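Okay, so here's the structure we're looking at.
The values are calculated or read from the model by the stated rules, or taken from the named source; none is laboratory data. A quick note: this is a predicted structure, and the numbers were derived from the prediction, not measured. Cβ sites come from the backbone with ideal geometry, for glycine too, and all protein chains shown count toward neighbours. SASA here: full protein model, heavy atoms, side chains in, ligands and nucleic acids out. Shrake-Rupley method; radii C 1.70, N 1.55, O 1.52, S 1.80 Å.
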Amino acid sequence: MAKLVIISAPSGTGKSTIIKRLTAEHPEFNLHFSISATSRPPRGTEQHGVEYYFFSPEEFRSHIEAGDFLEWEMVYTDRYYGTLRSEVARIDALGGCVILDVDCVGGVNIKRSYGDDALSLFIQPPSIEVLRQRLEGRGTDGPEVIAERLAKAEQELSYAEQFDYRIVNDDLDTCVDEVVRLVGSFLSSKA
């Protein structure tokens with residue numbers, strides 16, 4: 001069975017950057033990114049099967065009914081995100097370790113399913129105010145979307161204690177170093 005590294009965090013905490021650095025700078029970990037499924041439309045140059053598996057809300061619900069997801073959640077009305085069982089199986093067949101970028105509820109559910117074969121990491125912002133500044137600094141979302149993301153972040157922070165480790169991202173390099181240390185320790189203990 002594949003080993004899984006689960007990374008969850010509120011939007012704007014640096015999760016994607018941390019995962020990119022972890023996979024690029026540490027090929028010895030043999031981490032393969034699990035491509036999530038979503039019912040949102042592609043943005044910019046995103047492609048099906050590369051950044052996400054893009055499904056209509058109806059297609060996504062069909063996959064739910066068929067039991068195709070390891071975890072899924074409707075984040076906003078008709079806006080689903082989930083992890084396909086076939087994606088974890090694909091990575092397992094490659095002999096790699098699965099790295100997942102999932103929301104907090106999904107992270108808790110996957111950890112519950114995989115137990116000691118999964119390492120769950122929760123990346124926290126130093127504070128909600130710093131998170132607000134980061135989201136505003138991106139320049140990609142309007143005030144309403146930022147307010148929605150901050151409200152969701154407050155809710156997500158309540159799940160932090162259910163993860164194996166919580167890491168505050170107040171300095172990206174320090175945070176990445178801690179993630180590398182924890183992942184390396186997990187993978188070497190599971191060899």
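Quick notes on this structure:
- For segment 155-172, a residue qualifies if it is closer than 29 Å to Gly44 by Cα and charged (D, E, K, R), and exactly one does: Glu156.
- Of note, Glu161 does not satisfy the criterion of being part of a helix (DSSP H, G or I), over 30 Å from Phe29 (Cα atoms) and of a type in the set (Asp, Glu).
- Matching entry among Gly44, Gly67 (being at pLDDT below 95 and not in a strand (DSSP E or B)): Gly44
- Qualifying residue in segment 73-81 (condition: open to solvent by 10 Å² or more (accessible area, probe 1.4 Å), basic (Lys, Arg) and more than 14 Å from Thr38 (Cβ to Cβ)): no
- Taken together, the residues in segment 29-54 that are out of contact with any Pro (no Cβ under 8 Å at 6 or more places or on another chain), closer than 19 Å to Arg90 by Cα and not hydroxyl-bearing (Ser, Thr, Tyr) amount to 10.
- Residue satisfying all of: in segment 135-147; open to solvent by 90 Å² or more (accessible area, probe 1.4 Å) and at pLDDT below 85; nearest to Tyr76 (Cα to Cα) among these: Thr140
- Just one of the listed residues (Arg132, Arg181, Arg166, Arg112) is open to solvent by 80 Å² or more (accessible area, probe 1.4 Å) and assigned to a strand (DSSP E or B), and it is Arg166.
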